[in-house]
Amino acid sequence: MNDTDLPQPSLLLIAYASTLKPGGDTTLLDQILTTSQRNNDAQDITGCLGIEGRNIIQIIEGPPAAVEALFEVIRADPRHEGIVLLHRQERQKRLFPGWRMVRRPTTDLYLFLENAKVQPFRT
């Protein structure tokens, strides 16, 4: 078997953490979630958003070009700061099939990543 016979990753998963800037509230977060669901559907992106206080953890997955483009939009979003890339991994299978974007406790997101054996991002 040579390298061309191996399955090629067809998905990219990115997980990041950030802090919502002061003044953000649950109404803003609900708007972000609703907008994400609509936009992610059009881009074939799935994922999960965890919020605890002003701390955000989000996992996005889908076609690599779409996920990279979305992450650039997220990094430029003035509503949050201190964005830290936690994980970046090419994958064959989605963690969240059918979840255009859902909100879960942040502890759930860490468990999803651990159970899927997603390796931490290292510099």
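The values are calculated or read from the model by the stated rules, or taken from the named source; none is laboratory data. Because the structure is a prediction, the values reported are computed rather than measured. Using ideal geometry, Cβ is built from the backbone for each residue, glycine included, and neighbour counts are taken over all protein chains shown.
Quick check on my filter: what residues within region 18-43 are surrounded by 14 or more Cβ atoms within 10 Å (Cβ to Cβ) and of a type in the set (G, A, S)? Selection gives S18, G24, S36. Would you confirm, using the coordinates I've provided, whether D108 is acidic (D, E), under 26 Å from G23 (Cα atoms), in contact with a strand residue (DSSP E or B) (Cβ under 8 Å, 6 or more places away or on another chain) and surrounded by fewer than 17 Cβ atoms within 10 Å (Cβ to Cβ)? Yes: the conditions hold for D108.
Taken over region 68-87, the residue count meeting the criterion of being of a type in the set (D, E, K, R), under 21 Å from E52 (Cβ atoms) and in contact (Cβ under 8 Å) with a residue 12 or more places away in the chain is 2. Within region 44-58, being farther than 21 Å from P97 by Cα and among the charged types (D, E, K, R) holds for E52, R54. Within region 47-56, the set of residues being of a type in the set (A, V, I, L, M) and either farther than 19 Å from R104 by Cβ or at pLDDT below 85 (or both) comprises just one member, I51. Taken over region 1-46, the residue count meeting the criterion of being over 18 Å from E81 (Cβ atoms), modelled with pLDDT under 75 and in a loop (DSSP other than H, G, I, E, B) is 6. In this entry, T46 passes the filter for residues that are without any contact (Cβ under 8 Å) to a residue 60 or more places away in the chain, over 15 Å from A17 (Cα atoms) and crowded, with 18+ Cβ neighbours inside 10 Å.
Only residues that are under 12 Å from the mean Cα position of the chain (by Cα) and surrounded by 14 or more Cβ atoms within 10 Å (Cβ to Cβ) were counted across region 84-102, and they come to 11.
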